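The values are calculated or read from the model by the stated rules, or taken from the named source; none is laboratory data. Keep in mind it's a predicted model, so treat the numbers as computed, not measured. For neighbour counting, all protein chains shown are included, and Cβ atoms are generated from backbone atoms with ideal geometry for every residue, glycine included. The accessibility values were calculated without ligands, DNA or RNA, using every heavy atom of the protein model including side chains. Shrake-Rupley method; radii C 1.70, N 1.55, O 1.52, S 1.80 Å.
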Amino acid sequence: MAALGRSRRSCLAVPGSSVKMLGKAQGLPADQVFLDLEDAVAPLAKPEARKNIVAALNEGDWAGKTRVVRVNDLTTPWTYTDVIAIVEGAGANLDAIMLPKVQSASHVEWLDLTLTQLEKSLGLPVGAIGIEAQIENAAGLVNVDAIAAASPRVETIIFGPADFMASINMKSLVVGSLIPGYPGDPYHYILMRILMAARMHDKQAIDGPYLQIKDVDGFTEVARRSAALGFDGKWVLHPGQLDAANEVYSPAQSDYDHAELILDAYDYYTSEQGGRLGAVMLGDEMIDEASRKMALVISAKGRAAAMTRTTSFTPPA
Ligand code: GLV
Ligand code: MG
(Lines give C-alpha, C1' and ligand atoms only; values in the text may rest on other atoms or scores of the structure.)
(Ligands and ions follow the chains in the order given, each with its own letter.)
Protein backbone atom coordinates (compact mmCIF):
# COMPACT_ATOMS: atom_id res chain seq x y z
CA MET A 1 0.00 0.00 0.00
CA ALA A 2 1.41 3.37 -0.99
CA ALA A 3 0.30 4.87 2.31
CA LEU A 4 2.74 2.61 4.15
CA GLY A 5 5.62 4.23 2.29
CA ARG A 6 4.74 7.49 4.01
CA SER A 7 7.42 8.89 6.21
CA ARG A 8 6.18 9.25 9.78
CA ARG A 9 9.37 9.97 11.70
CA SER A 10 7.72 12.92 13.44
CA CYS A 11 3.96 12.98 14.15
CA LEU A 12 3.09 16.43 15.48
CA ALA A 13 0.14 16.80 17.87
CA VAL A 14 -1.94 19.93 17.23
CA PRO A 15 -4.92 20.73 19.49
CA GLY A 16 -7.99 21.35 17.36
CA SER A 17 -9.13 24.02 19.80
CA SER A 18 -6.18 26.30 18.94
CA VAL A 19 -6.56 28.17 15.67
CA LYS A 20 -3.11 29.64 16.30
CA MET A 21 -1.43 26.24 16.56
CA LEU A 22 -3.38 24.88 13.58
CA GLY A 23 -1.88 27.75 11.59
CA LYS A 24 1.65 27.43 12.95
CA ALA A 25 1.84 23.65 12.43
CA GLN A 26 1.62 24.10 8.67
CA GLY A 27 5.06 25.69 8.54
CA LEU A 28 6.83 23.13 10.74
CA PRO A 29 9.01 20.27 9.41
CA ALA A 30 6.80 17.40 10.66
CA ASP A 31 6.25 14.33 8.48
CA GLN A 32 2.74 14.00 9.88
CA VAL A 33 0.36 16.26 11.77
CA PHE A 34 -2.53 14.99 13.80
CA LEU A 35 -5.20 17.52 14.57
CA ASP A 36 -6.61 16.52 17.92
CA LEU A 37 -10.20 16.30 19.08
CA GLU A 38 -9.41 14.00 22.00
CA ASP A 39 -7.40 14.61 25.16
CA ALA A 40 -5.89 17.96 24.19
CA VAL A 41 -9.38 19.45 23.78
CA ALA A 42 -11.74 20.11 26.71
CA PRO A 43 -15.25 18.61 26.39
CA LEU A 44 -16.94 21.98 25.97
CA ALA A 45 -14.46 23.02 23.27
CA LYS A 46 -14.98 19.94 21.07
CA PRO A 47 -17.75 21.31 18.78
CA GLU A 48 -15.69 24.42 18.01
CA ALA A 49 -12.55 22.31 17.52
CA ARG A 50 -14.32 20.22 14.87
CA LYS A 51 -15.06 23.41 12.93
CA ASN A 52 -11.50 24.69 13.33
CA ILE A 53 -10.08 21.43 12.04
CA VAL A 54 -12.37 21.29 9.01
CA ALA A 55 -11.40 24.86 8.11
CA ALA A 56 -7.69 24.17 8.65
CA LEU A 57 -7.76 21.03 6.46
CA ASN A 58 -9.66 22.75 3.66
CA GLU A 59 -7.93 26.11 3.69
CA GLY A 60 -4.47 25.35 5.07
CA ASP A 61 -1.28 24.44 3.21
CA TRP A 62 -0.27 20.98 4.44
CA ALA A 63 1.92 20.15 1.43
CA GLY A 64 4.36 17.34 2.16
CA LYS A 65 2.62 16.31 5.39
CA THR A 66 0.36 13.37 6.16
CA ARG A 67 -2.88 14.86 7.50
CA VAL A 68 -4.54 12.95 10.33
CA VAL A 69 -7.37 13.82 12.75
CA ARG A 70 -7.60 12.12 16.14
CA VAL A 71 -11.24 11.59 17.11
CA ASN A 72 -12.53 10.63 20.56
CA ASP A 73 -12.58 6.98 21.57
CA LEU A 74 -15.57 4.70 21.27
CA THR A 75 -16.47 4.74 24.97
CA THR A 76 -17.35 8.47 24.69
CA PRO A 77 -20.50 10.07 23.24
CA TRP A 78 -18.43 12.04 20.69
CA THR A 79 -16.85 9.55 18.28
CA TYR A 80 -19.51 9.30 15.58
CA THR A 81 -20.13 13.05 15.51
CA ASP A 82 -16.36 13.63 15.23
CA VAL A 83 -15.98 11.23 12.31
CA ILE A 84 -19.02 12.52 10.43
CA ALA A 85 -18.17 16.19 10.95
CA ILE A 86 -14.55 15.77 9.87
CA VAL A 87 -15.12 13.53 6.86
CA GLU A 88 -18.22 15.35 5.60
CA GLY A 89 -16.43 18.64 6.11
CA ALA A 90 -12.96 17.81 4.81
CA GLY A 91 -12.82 14.15 3.68
CA ALA A 92 -11.07 15.02 0.44
CA ASN A 93 -8.28 16.77 2.36
CA LEU A 94 -7.62 14.09 4.95
CA ASP A 95 -5.27 11.08 4.89
CA ALA A 96 -6.31 9.17 8.00
CA ILE A 97 -8.41 9.12 11.16
CA MET A 98 -6.63 8.22 14.40
CA LEU A 99 -8.74 6.18 16.80
CA PRO A 100 -7.52 6.29 20.41
CA LYS A 101 -7.92 3.61 23.11
CA VAL A 102 -8.69 0.86 20.61
CA GLN A 103 -9.55 -2.26 22.60
CA SER A 104 -10.67 -4.78 20.01
CA ALA A 105 -10.93 -5.36 16.28
CA SER A 106 -14.60 -4.32 16.46
CA HIS A 107 -13.56 -0.71 17.13
CA VAL A 108 -11.58 -0.63 13.89
CA GLU A 109 -14.35 -2.46 12.02
CA TRP A 110 -16.86 0.19 13.16
CA LEU A 111 -14.63 2.96 11.87
CA ASP A 112 -13.92 1.12 8.62
CA LEU A 113 -17.63 0.65 7.87
CA THR A 114 -18.47 4.22 8.85
CA LEU A 115 -15.72 5.58 6.60
CA THR A 116 -16.97 3.42 3.72
CA GLN A 117 -20.47 4.83 4.19
CA LEU A 118 -19.17 8.36 4.24
CA GLU A 119 -16.88 7.88 1.24
CA LYS A 120 -19.74 6.40 -0.80
CA SER A 121 -22.18 9.12 0.08
CA LEU A 122 -19.61 11.86 -0.57
CA GLY A 123 -18.32 10.41 -3.84
CA LEU A 124 -14.81 9.89 -2.42
CA PRO A 125 -12.73 6.84 -3.43
CA VAL A 126 -13.64 3.98 -1.08
CA GLY A 127 -10.71 3.08 1.14
CA ALA A 128 -8.86 6.35 0.61
CA ILE A 129 -9.00 7.39 4.26
CA GLY A 130 -6.66 5.35 6.44
CA ILE A 131 -6.90 4.40 10.11
CA GLU A 132 -4.30 4.83 12.85
CA ALA A 133 -4.98 2.69 15.94
CA GLN A 134 -3.71 3.75 19.36
CA ILE A 135 -2.98 0.99 21.87
CA GLU A 136 -3.51 2.46 25.33
CA ASN A 137 -4.59 -0.31 27.68
CA ALA A 138 -4.25 -4.02 28.41
CA ALA A 139 -7.20 -5.04 26.20
CA GLY A 140 -5.71 -3.17 23.25
CA LEU A 141 -2.32 -4.80 23.71
CA VAL A 142 -3.72 -8.30 24.17
CA ASN A 143 -5.82 -7.86 21.01
CA VAL A 144 -3.22 -5.99 18.98
CA ASP A 145 -2.83 -8.66 16.28
CA ALA A 146 -6.54 -8.68 15.54
CA ILE A 147 -6.61 -4.87 15.65
CA ALA A 148 -3.79 -4.63 13.10
CA ALA A 149 -5.57 -7.15 10.86
CA ALA A 150 -9.06 -5.65 11.25
CA SER A 151 -9.02 -3.48 8.12
CA PRO A 152 -6.73 -2.79 5.16
CA ARG A 153 -7.20 0.87 6.10
CA VAL A 154 -5.02 0.43 9.19
CA GLU A 155 -1.71 2.17 8.48
CA THR A 156 -0.16 2.51 11.92
CA ILE A 157 -0.26 0.97 15.37
CA ILE A 158 0.62 3.60 17.96
CA PHE A 159 1.75 3.17 21.57
CA GLY A 160 -0.10 5.60 23.88
CA PRO A 161 2.17 5.47 26.95
CA ALA A 162 0.40 7.97 29.22
CA ASP A 163 -2.99 6.29 29.11
CA PHE A 164 -1.32 2.89 29.06
CA MET A 165 0.69 3.54 32.21
CA ALA A 166 -2.43 4.79 33.99
CA SER A 167 -4.52 1.83 32.87
CA ILE A 168 -2.10 -0.85 34.07
CA ASN A 169 -1.21 0.95 37.31
CA MET A 170 2.46 1.45 36.43
CA LYS A 171 4.26 3.14 39.31
CA SER A 172 5.52 6.20 37.45
CA LEU A 173 4.16 9.48 36.21
CA VAL A 174 7.06 10.18 33.87
CA VAL A 175 6.43 8.68 30.45
CA GLY A 176 9.44 6.87 29.06
CA SER A 177 11.54 6.98 32.23
CA LEU A 178 12.94 3.87 33.80
CA ILE A 179 11.23 3.02 37.08
CA PRO A 180 13.25 2.73 40.32
CA GLY A 181 12.92 -0.76 41.71
CA TYR A 182 12.56 -2.49 38.32
CA PRO A 183 15.84 -3.60 36.78
CA GLY A 184 14.83 -3.52 33.10
CA ASP A 185 13.08 -1.29 30.58
CA PRO A 186 9.39 -1.42 31.59
CA TYR A 187 8.28 -0.54 28.05
CA HIS A 188 10.26 -3.18 26.22
CA TYR A 189 7.54 -5.83 26.17
CA ILE A 190 4.83 -3.35 25.16
CA LEU A 191 6.90 -1.86 22.36
CA MET A 192 7.94 -5.26 21.04
CA ARG A 193 4.39 -6.60 21.18
CA ILE A 194 3.15 -3.62 19.14
CA LEU A 195 6.07 -3.88 16.73
CA MET A 196 5.49 -7.59 16.09
CA ALA A 197 1.80 -7.03 15.31
CA ALA A 198 2.64 -4.09 13.07
CA ARG A 199 5.31 -6.00 11.16
CA MET A 200 3.18 -9.13 10.87
CA HIS A 201 0.52 -7.10 9.09
CA ASP A 202 2.77 -4.63 7.22
CA LYS A 203 1.80 -1.62 9.30
CA GLN A 204 3.95 1.17 10.68
CA ALA A 205 4.77 1.18 14.41
CA ILE A 206 4.73 4.58 16.07
CA ASP A 207 5.96 5.50 19.55
CA GLY A 208 3.83 7.93 21.56
CA PRO A 209 4.54 11.20 23.34
CA TYR A 210 7.30 12.34 25.66
CA LEU A 211 5.69 14.80 28.03
CA GLN A 212 8.75 16.70 29.37
CA ILE A 213 8.66 18.94 26.34
CA LYS A 214 11.64 21.12 27.32
CA ASP A 215 13.90 18.08 27.84
CA VAL A 216 15.02 17.34 24.28
CA ASP A 217 17.85 15.08 25.49
CA GLY A 218 15.31 12.98 27.39
CA PHE A 219 13.10 12.85 24.30
CA THR A 220 16.05 11.76 22.18
CA GLU A 221 17.06 9.03 24.61
CA VAL A 222 13.55 7.55 24.74
CA ALA A 223 13.14 7.88 20.96
CA ARG A 224 16.43 6.05 20.37
CA ARG A 225 15.10 3.05 22.29
CA SER A 226 12.06 2.52 20.06
CA ALA A 227 14.01 3.47 16.91
CA ALA A 228 16.60 0.82 17.79
CA LEU A 229 13.88 -1.82 17.99
CA GLY A 230 12.50 -0.81 14.57
CA PHE A 231 9.77 1.76 15.23
CA ASP A 232 9.07 4.13 12.34
CA GLY A 233 8.50 7.36 14.25
CA LYS A 234 7.31 9.11 17.37
CA TRP A 235 4.84 11.73 18.47
CA VAL A 236 6.06 15.25 18.86
CA LEU A 237 4.24 17.54 21.30
CA HIS A 238 6.38 20.62 20.80
CA PRO A 239 8.27 22.05 17.81
CA GLY A 240 11.50 21.74 19.84
CA GLN A 241 11.25 17.91 19.58
CA LEU A 242 10.88 17.85 15.78
CA ASP A 243 14.51 17.87 14.66
CA ALA A 244 15.38 15.15 17.15
CA ALA A 245 12.53 12.92 15.92
CA ASN A 246 13.42 13.44 12.26
CA GLU A 247 17.03 12.59 12.99
CA VAL A 248 16.54 9.62 15.30
CA TYR A 249 14.09 7.82 12.98
CA SER A 250 16.08 8.47 9.78
CA PRO A 251 18.83 6.07 8.85
CA ALA A 252 22.33 7.45 9.34
CA GLN A 253 23.75 8.73 6.01
CA SER A 254 26.42 5.99 6.05
CA ASP A 255 23.79 3.28 6.63
CA TYR A 256 21.62 4.69 3.85
CA ASP A 257 24.56 4.79 1.42
CA HIS A 258 25.54 1.27 2.43
CA ALA A 259 22.00 -0.03 1.90
CA GLU A 260 21.79 1.47 -1.59
CA LEU A 261 25.19 -0.04 -2.46
CA ILE A 262 24.07 -3.50 -1.28
CA LEU A 263 20.93 -3.25 -3.42
CA ASP A 264 22.87 -2.20 -6.51
CA ALA A 265 25.60 -4.81 -6.00
CA TYR A 266 23.07 -7.56 -5.34
CA ASP A 267 21.08 -6.61 -8.44
CA TYR A 268 24.22 -6.61 -10.54
CA TYR A 269 25.67 -9.93 -9.30
CA THR A 270 22.38 -11.82 -9.52
CA SER A 271 21.82 -10.59 -13.10
CA GLU A 272 22.89 -12.38 -16.26
CA GLN A 273 25.66 -9.86 -16.78
CA GLY A 274 26.99 -10.17 -13.21
CA GLY A 275 27.12 -13.96 -13.30
CA ARG A 276 23.75 -14.95 -11.77
CA LEU A 277 25.37 -15.43 -8.36
CA GLY A 278 23.57 -15.78 -4.99
CA ALA A 279 26.05 -14.91 -2.24
CA VAL A 280 28.66 -12.37 -3.35
CA MET A 281 31.24 -10.01 -1.93
CA LEU A 282 30.80 -6.27 -1.59
CA GLY A 283 34.27 -5.16 -0.52
CA ASP A 284 34.97 -7.28 2.57
CA GLU A 285 31.33 -8.04 3.22
CA MET A 286 29.41 -11.09 2.09
CA ILE A 287 25.92 -10.23 0.90
CA ASP A 288 23.03 -12.49 0.02
CA GLU A 289 19.23 -12.39 -0.20
CA ALA A 290 18.90 -11.71 3.55
CA SER A 291 21.29 -8.75 3.27
CA ARG A 292 19.14 -7.43 0.43
CA LYS A 293 16.03 -7.60 2.64
CA MET A 294 17.74 -5.66 5.45
CA ALA A 295 19.01 -3.13 2.93
CA LEU A 296 15.53 -2.70 1.48
CA VAL A 297 14.20 -1.58 4.88
CA ILE A 298 16.90 1.06 5.39
CA SER A 299 16.67 2.18 1.79
CA ALA A 300 12.87 2.57 1.99
CA LYS A 301 13.19 4.69 5.15
CA GLY A 302 15.89 6.83 3.59
CA ARG A 303 13.94 7.34 0.37
CA ALA A 304 10.74 8.15 2.29
CA ALA A 305 12.75 10.77 4.19
CA ALA A 306 14.01 12.20 0.84
CA MET A 307 17.67 11.34 1.62
CA THR A 308 20.16 11.40 -1.24
CA ARG A 309 22.95 8.90 -1.56
CA THR A 310 26.55 10.03 -1.58
CA THR A 311 28.16 6.92 -3.12
CA SER A 312 27.48 4.76 -6.18
CA PHE A 313 28.17 1.17 -7.17
CA THR A 314 30.70 0.53 -9.90
CA PRO A 315 30.54 -2.94 -11.49
CA PRO A 316 33.92 -4.66 -11.84
CA ALA A 317 35.69 -3.93 -15.14
C1 GLV B 1 -1.30 9.24 24.14
O2 GLV B 1 -2.42 9.37 23.75
C3 GLV B 1 -1.00 8.70 25.42
O4 GLV B 1 -1.94 8.40 26.17
O5 GLV B 1 0.20 8.55 25.73
MG1 MG C 1 -3.88 8.71 25.20
Subject >> Nearest 10 degrees, 0 to 90: helix 289-304 Cα axis against the chain principal axis >> reply: 50 degrees
Subject >> Most to least packed among 246-255, 201-210 [average Cβ atoms within 10 Å] >> reply: 201-210, 246-255
Original post:
Using the beta-carbon distance between I179 and A92 and R0 = 45 Å, what value does 1/(1 + (r/R0)^6) give for FRET efficiency, to the nearest 0.05?
Top reply: 0.50
Original post:
Can you pull the Kirkwood radius for the range 1-72, inverse mean 1/r over Cα pairs, to one decimal in Å?
Top reply: 12.3 Å
Original post:
For the range 14-56, what Kirkwood radius comes out of the mean inverse Cα-Cα distance, in Å?
Top reply: 10.3 Å
Subject >> Rounded tilt (10° steps) of 79-90 against the dominant C-alpha axis of the chain >> reply: 70 degrees
**OP:** Report the semi-axes of the equivalent ellipsoid for the range 2-248 in whole Å, largest first, where each axis is √(5λ) for an eigenvalue λ of the Cα gyration tensor.
**Re:** 27, 20, 17
Subject >> Gyration tensor over alpha-carbon atoms, the range 170-311, equivalent ellipsoid semi-axes in Å >> reply: 36, 17, 12
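Mind checking Rg over Rh on the range 253-304, alpha carbons, Kirkwood formula for Rh?
Radius of gyration relative to Kirkwood radius: 0.98.
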Original post:
How much accessible area does W110 have with a 1.4 Å probe, in Å² rounded to the nearest 10?
Top reply: 80 Å²
Original post:
What is the distance in Å between the Cα centres of the range 4-21 and the range 40-74?
Top reply: 10 Å
Subject >> Å² per residue, accessible surface of the chain at 1.4 Å >> reply: 46 Å²
Original post:
Ignoring any ligand, DNA or RNA, what whole percent of the accessible area of the chain comes from carbon and sulfur when the probe is 1.4 angstrom?
Top reply: 58 percent
Subject >> Candidate lysines for bridging to K65, where Cα separation is under 27 Å - those fewer than 8 sequence places away on the same chain excluded >> reply: K20, K24, K46, K51, K101, K120, K203, K214, K234, K301
